[in-house]
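See below for the structure under consideration.
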Amino acid sequence: MRKFVTIAALFLLTACSFNRAGKPADSGPEAFFSANLQRTGVFSSKAVENPSGSNWQFQAEQWIATMPVVVENRVYFGSYDGNLYAVDATTGAELWRFPMRDAVISSPAISGETAFVGGMDGNLYALERKTGEERWRFATRGPILASPAIANGLVYTGSEDGNMYAINVNTGQEAWHITADGPITFAAAVADGLLIFGDGSGKLTAVKAINGEAAWQKQVAAGAFTAGPVVGEGVIYALLSDAEQLGSLYAIDMATQQTRWVYPLTTESYSSPAVWGGLVFV
């Protein structure tokens, strides 16, 4: 199998996404997987037109599977080589690397002066984003593949151990956790005061983001989620795969939890949907 070990600077996505209220962040930079906490995949940056090739390439020691995030001219990304990297967005020069004990598949999230990232070693790490110095780590009982979400002074991460954890951003102490019916592999969304996540049993769960109190749960299908939920225009979009490895995109009403429609795919999809202008892209 060919190993892809380079990250190319073809374009930069601005870190000025949207905070939990859907407004530009005013308490420091924020950068999240799929642009924002609703995971809509819509960025406020200027579109890239007619790219003429890469400006630079950075050589890691193994595959790069995470989506990079860009904050204040720094690019943050992880690698199968067990490192989280920060490189200069203009030159591609390495600024620092933080060694973790296993592969890094979780895309980092930035909030204020801290970079948060999960590891296959089961730890959630909080790092000083300018220096890479470790602030704290929180241990779960399974690998962390999903990108964290940060809101309400908490960082939320799911684990293959079947738990969704809420951890104090400053101390690294657990605030609460929710036990699901299967592993939590993909990123949670935060919308309308709720934390929404899917698990390996095909269940979609919503809890109050501030304290973990149960709001509702829905068995979407007999299968497993292959991407995290996306919330746009009052609808939750969720990708699931069945036992035959056939995927479907589900549209679920946020207010009633009723399934509005199902769009069958010809195979599994692990690509997070994007929602914009009355359309969903998958």
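Before moving on, here are some points about what is shown:
- Test: Gly142 is among the small types (Gly, Ala, Ser) and out of contact with any strand residue (DSSP E or B) (no Cβ under 7 Å at 6 or more places or on another chain): yes
- So Phe77, is it assigned to a strand (DSSP E or B), touching a Pro at 6+ places or on another chain (Cβ under 6 Å) and either within 25 Å of Met120 (Cβ to Cβ) or at pLDDT below 95 (or both): yes
- If the condition is being of a type in the set (A, V, I, L, M), closer than 29 Å to Asp161 by Cβ and touching a residue at least 40 places away in the same chain (Cβ under 8 Å), then the stretch 68-116 contributes Val69, Leu84, Ala86, Ala103, Ile105, Ala109, Ile110.
- Among the residues here, Thr157 qualifies as in a strand (DSSP E or B), crowded, with 17+ Cβ neighbours inside 10 Å, out of contact with any His (no Cβ under 7 Å at 6 or more places or on another chain) and of a type in the set (S, T, N, Q).
- Output for the stretch 222-241, where each listed residue is out of contact with any Asp or Glu (no Cβ under 9 Å at 6 or more places or on another chain) and surrounded by fewer than 17 Cβ atoms within 10 Å (Cβ to Cβ): Glu233
- Ser54 meets all of the listed conditions (1) at pLDDT 95 or above; (2) more than 18 Å from Ile167 (Cα to Cα) but one, namely (1).
- Condition broken by Val87, with the remaining ones in (1) open to solvent by less than 10 Å² (accessible area, probe 1.4 Å); (2) within 23 Å of Arg39 (Cβ to Cβ); (3) of a type in the set (Val, Ile, Thr); (4) touching a Leu at 6+ places or on another chain (Cβ under 9 Å) satisfied: (2)
- Matching entry among Gln219, Gln245, Gln257 (being at pLDDT 95 or above, surrounded by fewer than 22 Cβ atoms within 10 Å (Cβ to Cβ) and on the phi > 0 side of the Ramachandran plot): Gln257
- Within the stretch 161-225, strands (runs of 3 or more DSSP E) holding 1 or more residues that are within 19 Å of Leu145 (Cα to Cα): 163-168, 174-179, 189-191, 194-198, 203-208
The values are calculated or read from the model by the stated rules, or taken from the named source; none is laboratory data. What you see is a predicted model, and the numbers here were worked out from it, not measured in a lab. Ideal geometry is used to build each Cβ from the backbone, glycine not excepted, and the neighbour counts take in all protein chains shown. Ligands, DNA and RNA are stripped out before the accessible areas are found, and what is left, the full protein with its side chains, is counted by its heavy atoms. Shrake-Rupley method; radii C 1.70, N 1.55, O 1.52, S 1.80 Å.
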